[in-house]
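Engineer: Could you have a look at this structure, given as C-alpha cells, before my questions?
The values are calculated or read from the model by the stated rules, or taken from the named source; none is laboratory data. What you see is a predicted model; the values in this text were computed from it and never measured. We place every Cβ from the backbone using ideal geometry, glycine too, and count neighbours over all the protein chains shown.
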Amino acid sequence: MLLESGEIEKVTRYRRIGEDEKYPKYLVIYQFENQQAFERYEASSELAAAVEYARNSWPAGSYEPSWRVQYEFVSHWKR
C-alpha cells in the first residue's frame, strides 16, 4: 500500500537475529529521493490508509512503530 504513494524509492526490511526482546523484531528503511518526497508521503492518503488498515487488521498491539526517525545521507563505503 505504501508504495502506491509514488514517493518511496526503495524499502528494505530486516528481521532481528536472536531473541533479545529489548530490540524491535523488525527494522524497515524507506528511501526517498529528497525531503520534499518524504513530506508528500507523510501527508499522503496512502500512508493514512495503510496505518488505519494495520491498526484495524493486525492483532491488538502488534502494530506500534518503535521509532520514526529521519536521517540524511552522509557517505557510504565499499571494499
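Engineer: Where the second residue is outside any loop (DSSP other than H, G, I, E, B) and not polar (S, T, N, Q) and the first is over 19 Å from GLY6 (Cα atoms) and modelled with pLDDT under 90 and lies in segment 41-62, which pairs have Cβ atoms under 9 Å and are six or more apart or on separate chains?
Structural biologist: Qualifying pairs under 9 Å: SER62/ALA54.
Engineer: Residues of segment 35-51 being of a type outside the set (A, V, I, L, M, F, W, C) and surrounded by 11 or more Cβ atoms within 10 Å (Cβ to Cβ), which ones? Before you say what the answer is, go through the steps one by one.
Structural biologist: Here is the first cut: in segment 35-51, the residues of a type outside the set (A, V, I, L, M, F, W, C) are 35-36, 39-42, 44-46.
Across segment 35-51, the qualifying residues are GLU39, ARG40, TYR41, GLU42, SER44, GLU46.
Engineer: Still on this structure, I have one more. Determine if segment 54-68 includes at least one residue that is basic (Lys, Arg), at negative phi and surrounded by fewer than 11 Cβ atoms within 10 Å (Cβ to Cβ). Steps first, please.
Structural biologist: Let us first name the residues in segment 54-68 that are basic (Lys, Arg), namely 55, 68.
With the extra rule that they be at negative phi, the set shrinks to 55, 68.
Still in the running and surrounded by fewer than 11 Cβ atoms within 10 Å (Cβ to Cβ): 68.
Yes, segment 54-68 contains at least one residue that is basic (Lys, Arg), at negative phi and surrounded by fewer than 11 Cβ atoms within 10 Å (Cβ to Cβ).
Engineer: Of the numbered conditions (1) surrounded by 14 or more Cβ atoms within 10 Å (Cβ to Cβ); (2) at pLDDT below 90, PHE32 fails exactly one; give the number of that condition.
Structural biologist: Every listed condition holds for PHE32 apart from (2).
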